[in-house]
Amino acid sequence: MMPVKPILQFLCTMLKIASDILAMTGLGLLWLSPLAASATGFEPLPISGVLRDDGTSAYILCNASGKFDESTNHNIPRKPTPSQSNTCAIFPANDIAAPLPGFNLLKHASRQVVMNNALTGYADKKIASVLDIVWRNQASGECIYGTRVLTFSSQDADYNDQLPGKQYFRITDIARGGFAGREVEIAYALTASGAEPIYRVGRSYTAVQYYKRPGYQRQPLAEPAFHNAINGVDSTEHIIPELRQQSASLNDNWVNFTTLIGLPKRPASPMMYVKAACSSAPPAEQPEAIRLRQAISPFIELNVPGFVPSNATSTETTQP
């Protein structure tokens with residue numbers, strides 16, 4: 001009869017080999033835990049971007065459902081829960097509640113969003129408000145910057161009176177500036193009824209148009225270089241975009257969240273969070289630090305002031 005100790009050593013060796021095989025095939029985490037593929041909480045957003053098979057992207061995927069799920073024909077997103085579809089998601093009690101233990105409310109403001117351009121006949125249209133919040137953890141030297149958008153259903157909601165029907169501002173992307181040189185982590189929370197999840201987040205100034213159609217990229221590459229606010233095909237026709245119309249250059253000063261907000265079905269956004277190092281000095285307020293983008297034709301960007309770290313780089317420039 002074979003001694004017990006050698007048998008145990010043999011079994012341990014076989015388990016180690018099996019574990020290594022599972023890890024190499026990408027199955028190890030799934031074998032260990034059925035929830036491992038749906039890790040919840042803050043996710044790092046690297047300054048250097050993330051590697052794809054065909055290059056580097058400024059964007060990570062958070063909720064690859066709805067129109068970001070290429071395996072289905074429907075566009076209904078799966079909302080995050082504590083046990084599924086919850087990458088980047090957290091579950092605070094409300095918008096004001098600290099998103100992580102040890103953080104305390106530091107500053108907050110409500111920003112009025114006004115559209116005044118050729119589409120409005122150069123008249124002011126008060127179409128939304130932005131809740132801008134900062135929490136700080138004094139012990140860790142970190143701040144969390146929160147953003148939530150609420151669109152108005154007043155007469156101003158129709159930003160173009162010259163056209164029949166209602167022309168609502170449909171916000172596909174929200175960007176925050178002021179993070180140059182800082183490592184950041186991002187998260188979101190669906191505190192509003194009817195809000196859509198955050199589909200992707202980029203360390204980039206650029207919002208990239210996306211449809212579940214040929215030519216559109218869920219994780220747009222950083223090349224060819226594109227540094228402006230919105231990239232895509234500014235047309236209502238179903239045109240296949242060129243490669244240069246589906247790129248977003250890396251820009252460590254900015255974080256861009258992709259979702260969908262707009263009347264009548266989606267009046268409110270998720271709460272979006274950016275965590276970064278900050279000093280004990282009060283956060284500064286800079287003009288145009290928060291940018292709301294409509295990456296659906298016609299392309300529109302509206303800007304409001306926002307809180308930034310006390311020594312942040314200016315957010316008025318679009319260049320990295």
Q.
As I understand it, the value is the acute angle between the Cα axis of helix 4-24 and the longest principal axis of the Cα atoms of the chain; what does it come to in degrees, rounded to 10?
A. 30
Q.
How large is the accessible surface of Thr40 in square angstrom, using a 1.4 angstrom probe and rounding to the nearest 10?
A. 80
Q. Among Leu163, His238, Gln138, whose Cα sits farthest toward the positive end of the charge dipole of the chain (+1 at Cβ of Lys/Arg, -1 at Cβ of Asp/Glu, about the Cα centre)?
A. Gln138
Q: First select every other residue whose beta carbon is under 12 angstrom from the beta carbon of Leu263; then total the charges, Lys and Arg +1, Asp and Glu -1.
A: +2
Q) Within a Cβ distance under 10 Å of Ala123, other residues only, what is the Lys/Arg minus Asp/Glu net charge? A) -2
Q | Span from the the stretch 196-229 Cα centroid across to the the stretch 86-161 one, whole angstrom | A | 22
Q: Let me know the volume per residue of the alpha-carbon convex hull for the chain, in Å³.
A: 169
Q) Using Cα pairs under 8 angstrom and six or more residues apart, how large is the relative contact order of the stretch 110-258, in percent? A) 21
Q: Holding the Cα-Cα limit at 30 Å, pick out from Lys67/Lys275; Lys166/Lys275; Lys79/Lys212; Lys79/Lys125; Lys212/Lys265 the pairs that are longer than that.
A: Lys166/Lys275; Lys79/Lys125
Q) Taking K and R as +1 and D and E as -1, what net charge do the other residues with C-beta under 14 Å from the C-beta of Gly194 add up to? A) +3
Q | In Å², nearest 10: area of Lys126 left accessible to a 1.4 Å probe | A | 100
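The values are calculated or read from the model by the stated rules, or taken from the named source; none is laboratory data. As the structure is a prediction and not an experimental result, all values here were calculated from the model. Backbone-built Cβ (ideal geometry, glycine too); neighbour counts: all protein chains shown. Calculation scope for accessible area: heavy atoms of the full protein, side chains included, ligands and nucleic acids excluded. Shrake-Rupley method; radii C 1.70, N 1.55, O 1.52, S 1.80 Å.
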